[in-house]
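Right, one structure below, let's go through it.
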Amino acid sequence: MEAKAKLRYLHIAPRKVRLVINLIRGLEVGMALEQLSVIKQRAARPVFKLLKSAIANAEHNFNLDKNNLYIKEIRADEGPTLKRWQPRAFGRAFPIMKRASHISIILEERVVGRRKTKSGGEAPELLASPKMAGKSALKVGKSRVVSTPEIPQGREVPLKPWDPRREAGRRNKQHQDKKKLAQGKALSGLKRFFQRKSV
């Protein structure tokens, strides 16, 4: 069962919206909401509200369990462009393009046929994402119980949202380490080259 939501005439350029939606495509809705809450781009807030709206549609219209939903499709299409002019030097005019976006999102169930429990609580969900292939994990609140060959008994591991800034920091550190290594080799070669003979 698919749940849909649309946001039309958002006054942000589609190119800027796509930077945000590319980060959450294919994620479970809980992880996507966590991601959007820490992203600093202006487009993150309207996308966050749209995702909440799609979750509400799924729960109200189809009685789906929100822990069982993931983002099947999300896209930002180009809306109408407002054309304006900026006065410049020597009587010239410079065009301003005020672009708009139409965002649409489709949520689908991970496990088909699962519905919300009658008590109002949500049943723990067995994760089936590509990242957890070969592992069995049970999601409990904001942590998951992980069982792997290295960890024979299940252990609770807190969920951490993926932060692209941390990834960039790691890459930068690797680059600096390689740079220092190369500089060290170059200096050692120079020392050998300029070494004076003992008298």
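Within region 33-45, identify whether any single residue is crowded, with 22+ Cβ neighbours inside 10 Å, assigned to a helix (DSSP H, G or I) and touching a residue at least 24 places away in the same chain (Cβ under 8 Å), and answer yes or no.
Residues of region 33-45 that are crowded, with 22+ Cβ neighbours inside 10 Å, as a first pass: 36, 43.
Next cut, assigned to a helix (DSSP H, G or I) only: 36.
Still in the list and also touching a residue at least 24 places away in the same chain (Cβ under 8 Å): none.
Within region 33-45, not a single residue is crowded, with 22+ Cβ neighbours inside 10 Å, assigned to a helix (DSSP H, G or I) and touching a residue at least 24 places away in the same chain (Cβ under 8 Å).
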Residue 13, sole failed condition from (1) crowded, with 21+ Cβ neighbours inside 10 Å; (2) in contact with a Lys or Arg (Cβ under 6 Å, 6 or more places away or on another chain); (3) among the aliphatic types (A, V, I, L, M) | (1)
State whether one or more residues within region 63-83 are out of contact with any strand residue (DSSP E or B) (no Cβ under 6 Å at 6 or more places or on another chain) and either in a helix (DSSP H, G or I) or among the hydroxyl-bearing types (Ser, Thr, Tyr) (or both).
-> yes
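Looking at 16, 52, which is the one that is within 15 Å of the chain's Cα centre (by Cα) and not in a strand (DSSP E or B)? Break it down stepwise before answering.
Numbers: 52 fails: within 15 Å of the chain's Cα centre (by Cα).
Only one candidate qualifies: 16.
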Out of all the residues in region 38-73, which are among the polar types (S, T, N, Q) and under 20 Å from residue 19 (Cα atoms)?
-> 41
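Just so you know, all these numbers are worked out from the coordinates, no wet-lab data involved. Just so we're clear, the structure is a prediction, and the values are computed from it rather than from any experiment. Positions of Cβ are generated from backbone atoms using ideal geometry, with glycine treated the same way; all protein chains shown enter the neighbour counts.
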